[in-house]
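Reading through the structure tokens given below for one structure.
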Amino acid sequence: MGKRVAIIGAGVSGLASIRCCLEEGLEPTCFERSEDVGGLWKFSDHAEEGRASIYQSVFANSSKEMTCFPDFPFPDDFPNFMHNSKLQEYITAFAQEKDLLKYIQFKTFVSSIDKRPDFSITGQWYVTTEKDGKKESAVFDAVMICSGHHVYPNLPKESFPGLKLFKGKCFHSRDYKEPGVFKGKRVLVIGLGNSGCDIATELSHTAEQVIISSRSGSWVISRLWDDGYPWDMMLVTRFETFLKNNLPTAFCDWWYLKQMNARFKHENYGLMPLNGILRKEPVFNDVLPACIVCGRVSIKPNVKKFTETSAIFEDGTVFEAIDYVIFATGYDYAYPFLDDSIIKSRDNEVTLFKGIFAPQLEKPTMAVIGLIQSLGAAIPIADLQARWAVQVIKGTCALPSVRDMMNDIDEKMGKKLKWFGKSETIQTDYVSYVDEIASFIGAKPNIPWLFLTDPKLAVEVFFGPCSPYQFRLVGPGKWPGARNAILTQWDRTLKPMRTRAVGSPQKPHLFFRWLKFLAIPILFIALFLVLI
């Protein structure tokens, strides 16, 4: 084996990192503080310190064909949007199939990661762990941090005057597990993200009244898109990304608003974001509009202040006799085992090249995997990040100069401000990002060459969903089954739904869909030219 690599966390990012280390001849040791793999997707009936926590009813927001490890498709009969237990089953099967479990030390807590005195020469780290009350320290040639960003709850109690006087119960959404205890209660949910909307709609069936308070609003879209196909297989495509990056901004903004409002007019439901053209990550919820229109859930603006029993909103309305306040206010990302200066090298913000490497480190022997949020699934991103990171650690890929990396970070911050409204956000454009990472290791598909050599595949790759299999067509870790997986992805999508077969399966014709859409402006241009 080659260099020794410490991997922190055995969630999907950790498993991807173990596998990629093995593919490149490195020696991985993974430290996981719980007793199982899965990370975020491993459900527990109580929140555990230092671990991500989900509620019992969580379903994936990304479809199975867009979520899988690139050389390990989900079984045909798995539903397109899976319950957390089904996703955990898949993750466990992947770890077993790739023989990864023997590289994981379970129930082992990483207490500190420190540079060795000769780090500037060796790039080595001391990794101190605790298990059964015993501390151990070992030297590793590199570290891959895969502990996720859904661990440390953001609970902004100081932002709500009077909350200390409130006599009801209040807690963060990570402590919510199931709706039974809320029967007949009056509940205020603060936050209009995925968790807040999921919890509110679930509680609407048992609680007496549920109100969601939102400071800035959100786009709420369905998991089902045009003709009932999975949203991400229709929206997350190379062609749509190409149009977005090359058409005039005004047209892109108009098209984005049209897509977000395709199901219902958000302003009529009190959901409209304050700045609608920002590419804020939408909320995926299939029932919230119905709950609002049926009076089971109400949307209110931000809370101005609390009293002992009520909340007064900024519009002057009051929600009386509140029993529970649930803060669905997201998470802070932190690495308590690591000196902040390593990854927070400027203005106390996480400063990472491509979201992975700390540019100021003397040696590129630490990689952060999974600290990215996008309109796409986490597993394919983690796989690509890990593949590039192990190439850098191994020495077969070199990073740019510190100056070039910092310039790239500044440029990306400017783009994030334009698209998402926050320069420090970890959100990014999915297709552009995965293509960028894939290009570093020669795993990005060559679209023009594909159209010349394999037109059938090229049409599916360019106009169809940007599925994970595309990034195992070429490059290190190339998978011989990638082409067939791409050409059969719609078969696996349709199979679990056809439990009562009526007619033949109807696959989308994405190329003709876009041709029809583009024909409209072409027709107008032609008419304009004829008239003048």
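The values are calculated or read from the model by the stated rules, or taken from the named source; none is laboratory data. No experiment lies behind these values; they were computed from the predicted model shown. Methodologically, a virtual Cβ is constructed for each residue, glycine included, from the backbone with ideal geometry; neighbour enumeration extends over all protein chains shown. Heads up: the accessible areas ignore ligands, DNA and RNA and are worked out on the full protein's heavy atoms, side chains in. Shrake-Rupley method; radii C 1.70, N 1.55, O 1.52, S 1.80 Å.
Annotations for the structure displayed:
- For segment 94-192: rounded, prolate or oblate by the Cα gyration tensor [a/c cutoff 1.5]: prolate
- Using a probe of 1.4 Å on the protein chains alone, the accessible area found for TYR55 is around 20 Å².
- Value of relative contact order over segment 446-496, rounded to a whole percent, pairs C-alpha under 8 Å and six or more apart: 28 percent
- Whole-number percent relative contact order across segment 22-157, with pairs defined as alpha carbons under 8 Å at least 6 apart: 24 percent
- Loop sites by DSSP among the trypsin sites (Lys or Arg not before Pro) of the chain, restricted to those with at most 15 other Cβ atoms within 10 angstrom, leave 266-421 as the longest stretch without any of them.
- Kyte-Doolittle at least 1.6, axis length at least 20 Å by Cα - qualifying DSSP helices, the chain: 510-531
- Estimated D of the chain in µm² per second, where Rh is the Kirkwood radius over Cα pairs and Stokes-Einstein applies at 25 °C, 0.890 mPa s: 99 µm²/s
- Normalised by residue count, segment 164-204 yields a Cα convex hull volume of 83 Å³ per residue.
- When GluC sites (Glu not before Pro) are flagged only if DSSP places them in a loop and at most 15 other Cβ atoms lie within 10 Å, the longest unflagged stretch of the chain comes out as 50-207.
- Close amide H pairs (under 5 Å, H built 1.01 Å from N) link THR307 with ILE312, residues at least 5 positions away or on another chain.
- Rounded to the nearest 10 Å², the accessible area of ASP114 at probe 1.4 Å: 70 Å²
- Percent carbon-and-sulfur accessible area, the chain, ignoring ligands, DNA and RNA, probe 1.4 Å: 55 percent
- Between segment 123-168 and segment 432-464, the C-alpha centres lie 38 angstrom from each other.
- Unit Cα scatterers, Debye sum, segment 446-496: log10 I(q)/I(0) for q = 0.20, 0.28, 0.32 Å⁻¹: -0.67, -1.17, -1.33
- Long-range amide H partners of CYS170 with built H, under 5 Å: VAL325
- Amide proton proximity set for GLN373, modelled H, under 5 Å, gap of 5+: GLN427, THR428
- Averaged over its residues, the chain has an accessible area of 46 Å² per residue, based on protein heavy atoms and a 1.4 Å probe.
- The candidates LEU487, LEU224, arranged from most to least accessible area with a 1.4 Å probe in the full protein assembly, appear as LEU224, LEU487.
- Value at 222 nm in deg cm²/dmol, rounded to 500, when DSSP H runs of n ≥ 4 in the chain each add -39,500 (n - 2.57): -9500 deg cm²/dmol
- Hz values of 3J(HN,Hα) by residue in segment 205-214 - Karplus curve (6.51, -1.76, 1.60), Gly and Pro given as x: 7, 10, 6, 5, 8, 10, 10, 9, 9, 10
- ³J(HN,Hα) computed for each position of segment 316-327 - Karplus, 6.51 cos²θ - 1.76 cosθ + 1.60, integer Hz, glycine/proline x: x, 6, 10, 9, 8, 6, 6, 8, 9, 10, 10, 8
- The alpha-carbon atoms of segment 411-510, seen along their principal axes, cover 50, 32, 23 angstrom, with the largest extent given first.
- Taking Cα centre as origin and charging only the Cβ of basic (Lys, Arg, +1) and acidic (Asp, Glu, -1) residues, the dipole magnitude of segment 446-496 rounds to 140 debye.
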